[in-house]
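Here is the structure we will look at, set down as structure tokens.
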Amino acid sequence: MIQIREMTLDDIDEVAVLEEQTFSRPWSREGIFSFLIRQDVLLLVAQENEKIMGYCGVMTVLDEGDITNVCVAEHARRRGIASALVKEIIARTEEQGVHTLHLEVRKSNDAAISLYEKAGFVKDGCRKGYYESPTEDAVLMSRRVEK
């Protein structure tokens, strides 16, 4: 059974391995640590049998937030883990008074775009050449909650 909880310092090494396995430009352990200790950042992990299967983060400023990363281990994909993480980020940020969430996603990542749309995000822009390795446009998406 998947448990979603806040990331702790003890999770950094496992999360860093997920980053390295998933992204062409992964966050370093130091980068993860620097986000984890910030007061304006919430990082969640999805854990099963003492093993981290994925994580998600959001940085907030006043009543807005920016989802930084959604990452699920390749062997654990298509089990609803990313969806559960995003739903939990949405719920927790709404409790904090966040009314708008933003994110960027690779234009070719149809699965992630579909997941975000199901969670209430809409496409509202494009950043040309935003991603590297390979170079690719980012689709900008946002989700607004009525105040």
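What follows draws every value from the coordinates through simple rules; no lab data is involved. Because the structure is predicted, anything quoted here is derived from the model rather than measured. Backbone-built Cβ (ideal geometry, glycine too); neighbour counts: all protein chains shown.
The figures follow:
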| read-out | value |
| --- | --- |
| Non-local Lys pairs in the chain, i.e. 8 or more apart or on different chains, that have alpha carbons under 25 Å apart | 11 |
| Mean ellipticity per residue at 222 nm, deg cm²/dmol - from DSSP H runs of n ≥ 4 across the chain, formula -39500 (n - 2.57) | -9000 deg cm²/dmol |
| Length-normalised contact order for the chain - Cα pairs under 8 Å, 6+ apart - percent | 19 percent |
| Where GluC sites (Glu not before Pro) in DSSP loops with at most 14 other Cβ within 10 Å are excluded, longest remaining stretch of the chain | 51-131 |
| Taking only Cα atoms of the chain, radius of gyration then Dmax in Å | 14.5, 41 |
| Derived scalar couplings ³J(HN,Hα) [region 123-135; Karplus, 6.51 cos²θ - 1.76 cosθ + 1.60; whole Hz; x for Gly, Pro] | 6, 9, x, 8, 10, 5, x, 5, 8, 10, 6, x, 5 |
| HN-Hα J in Hz across region 61-78 - Karplus 6.51, -1.76, 1.60, θ = phi - 60°, x for Gly and Pro | 9, 6, 9, 10, x, 10, 6, 8, 9, 10, 9, 10, 4, 4, 5, 9, 6, 6 |
| Estimated vicinal HN-Hα couplings, Hz - region 26-31 in sequence order (Karplus 6.51, -1.76, 1.60; Gly, Pro = x) | x, 5, 7, 4, 5, x |
| In region 32-91, trypsin sites (Lys or Arg not before Pro) in a DSSP loop with at most 14 other beta-carbon atoms within 10 Å | Arg38, Arg77, Arg78 |
